[in-house]
Amino acid sequence: GDYDNLVVEKRGAVGLITLNRPKALNALSDALTAEMTDALEEFESDEEVGAVVITGNEKAFAAGADIKEMQPKSFSDVYLADFITSTWEAPSKGRKPVIAAVAGYALGGGAELAMMCDFIIAADSAKFGQPEISIGILPGAGGTQRLTRSVGKSKAMEMVLTGRMIDAEEAERMGLVARVVPASDLLNEALLAAEKIAAFSRPAVLMAKEAVNSAFETPLADGLRYERRLFHAAFATEGQKEGMAAFLEKRPAKYTNR
Ligand code: HXC
């Protein structure tokens with residue numbers, strides 16, 4: 001499709017979405033988020049795509065929801081539109097892995113968007129924050145929930161209540177990001193990780209994502225049982241036969257989508 005606020009490309013088996021409203025630090029307008037939902041759905045149904053990367057630019061991943069658009073909205077406006085769940089849940093709803101490649105500001109809805117992805121690779125320039133409190137609101141796209149589950153109560157409370165921004169090093173120390181890389185390597189590192197994932201057995205990848213996500217939804221015993229069922233199911237895939245045969249024959253595995 002044609003996008004005004006994104007650049008959407010395929011790099012082999014990787015879908016790449018670049019937020020492209022640089023003048024507004026990639027503020028997440030209604031139009032941008034609607035386009036992102038479309039782009040993610042396109043990749044989700046594209047058999048060639050095995051993983052997705054969402055990124056911004058050097059200065060900003062995204063500086064939050066668009067404050068200019070939000071300022072005049074009333075309770076009824078946001079309630080009736082179910083702002084923001086209707087347009088924003090795509091990255092967490094999809095079954096294919098989505099990596100956030102974050103440089104510069106990831107604030108408010110920008111941080112929440114990054115946390116909806118399966119993991120975050122941060123440039124050393126990245127800055128994360130939930131500054132909503134400073135503009136009279138609170139996080140509304142998962143910031144109080146995903147951040148708390150990711151880094152625990154004390155860090156989440158401090159960030160949500162004070163709006164303090166943290167740098168990439170602190171984000172890595174507290175487990176918010178998977179790793180930190182030099183800003184100049186960010187996109188390359190994210191694409192390499194996505195390519196790696198996309199080259200594995202597709203069913204195994206989707207099952208692995210589903211299993212990890214179930215840790216956030218279920219008591220341990222149920223999560224362990226769910227994992228075991230998926231683990232057993234993996235033995236019905238071509239990928240399991242091929243992956244293990246390749247290991248035993250000391251050759252690289254060649255996976256299909258089956
Ligand atoms: C709309 C924004 C914006 C935003 C920046 N801009 N953030 N426009 N919504 N969230 C615009 C500015 O108005 C400005 O436009 C241009 O981008 C450059 O920003 P500056 O402020 O001039 O840049 P700088 O001085 O470098 O400061 C960078 C910054 C600051 C620290 C990131 O822009 C900032 O504090 N932004 C707001 C961060 C924030 O509060 N985010 C949370 C939003 S609430 P002009 O036209 O003046 O050049 C939220 C709620 C989510 O996300 C809940 C569910 C969705």
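The values are calculated or read from the model by the stated rules, or taken from the named source; none is laboratory data. Computed from a prediction, not measured in an experiment: that's the story for all the values here. Heads up, the Cβs are rebuilt from the backbone with ideal geometry, glycines too, and the neighbour counts pull from every protein chain shown. Just the protein is used for accessible areas: all its heavy atoms, side chains included, with ligands, DNA and RNA removed. Shrake-Rupley method; radii C 1.70, N 1.55, O 1.52, S 1.80 Å.
Computed over the Cα atoms of the chain, the ratio of the radius of gyration to the Kirkwood radius (Rg/Rh) comes to 0.99. Considering helices alone, the calculated mean residue ellipticity of the chain at 222 nm is -13000 deg cm²/dmol, with DSSP H runs of length four and up weighted by -39500 (n - 2.57) and normalised per residue.
Exposed loop sites here are GluC sites (Glu not before Pro) in DSSP loop states with at most 16 other C-beta atoms within 10 Å. What is the longest stretch of the chain lacking them?
In short, 90-216.
Relative intensity of the stretch 75-185 on a log10 scale, I(q)/I(0) at q = 0.11, 0.18, 0.20 Å⁻¹, equals -0.34, -0.87, -1.05, per a Debye sum over C-alpha point scatterers of equal strength in the absence of solvent. For the stretch 24-109, the relative contact order comes to 49 percent (Cα pairs under 8 Å, sequence separation of at least 6). Normalised Debye scattering of the stretch 193-258 at q = 0.21, 0.28, 0.29 Å⁻¹ gives log10 I(q)/I(0) of -0.87, -1.14, -1.17, counting only Cα atoms as equal scatterers and leaving out solvent. Stokes-Einstein diffusion for the stretch 1-138 at 25 °C, viscosity 0.890 mPa s, with a Kirkwood radius from C-alpha pairs, works out to 163 µm²/s. Mean projection of the Cα convex hull over all viewing directions, computed for the stretch 1-46: 3.1 nm². For the chain, the relative contact order is 16 percent, taking Cα pairs closer than 8 Å that sit 6 or more residues apart in sequence and dividing their mean separation by the residue count. Of the three principal axes defined by the Cα atoms of the stretch 129-199, the extents in descending order read 43, 22, 21 Å. What are the trypsin sites (Lys or Arg not before Pro) within the stretch 61-150 that DSSP puts in a loop, where the Cβ has at most 13 other Cβ atoms within 10 Å? Within the stretch 61-150, the qualifying trypsin sites (Lys or Arg not before Pro) (loop, at most 13 other Cβ atoms within 10 Å) are K73, R95.
Each eigenvalue of the Cα gyration tensor of the stretch 20-65, multiplied by 5 and square-rooted, gives one semi-axis; in descending order these are 23, 13, 6 Å. Think of a 1.4 Å ball rolled over the protein heavy atoms: the chain then has 53 Å² of accessible area per residue. Panel values: the stretch 121-258, Kirkwood radius from alpha carbon pairs, Stokes-Einstein at 4 °C and 1.567 mPa s, translational diffusion coefficient 72 µm²/s.
Of the candidates G109, G143, G239, which one comes out as most mobile in a Gaussian network treatment of the chain with C-alpha springs shorter than 10 Å? Taking springs between Cα atoms under 10 Å, the residue moving most is G239. Counting only DSSP beta bridges with both residues in the chain, the antiparallel share comes to about 25 percent. Given their separation in residues at 0.36 nm each and the Cα-Cα distance between them, E58 and E210 gain 51.6 nm when the chain is fully extended.
Above 13 Å lies some portion of the pair distances; for the stretch 182-226, what is it as a whole percent of all C-alpha pairs? Taking all Cα-Cα pairs of the stretch 182-226, the fraction more than 13 Å apart is 64 percent. The residue list Q71, A51, Y3 was ranked by how far each Cα lies along the charge dipole of the stretch 1-75 toward its positive end, using unit charges on Cβ atoms, and Q71 comes out on top.
Find me the longest stretch of the chain that has none of the exposed chymotrypsin sites (Phe, Trp or Tyr not before Pro), where exposed means in a DSSP loop (not H, G, I, E or B) with at most 12 other Cβ atoms within 10 Å.
1-215
Taking all Cα pairs closer than 8 Å and separated by 6 or more residues, the relative contact order of the stretch 178-258 comes to 33 percent.
Calculate the translational D of the stretch 29-110 in whole µm² s⁻¹ from Stokes-Einstein, where the hydrodynamic radius comes from the Kirkwood formula applied to all Cα pairs, the temperature is 25 °C and the viscosity 0.890 mPa s.
176
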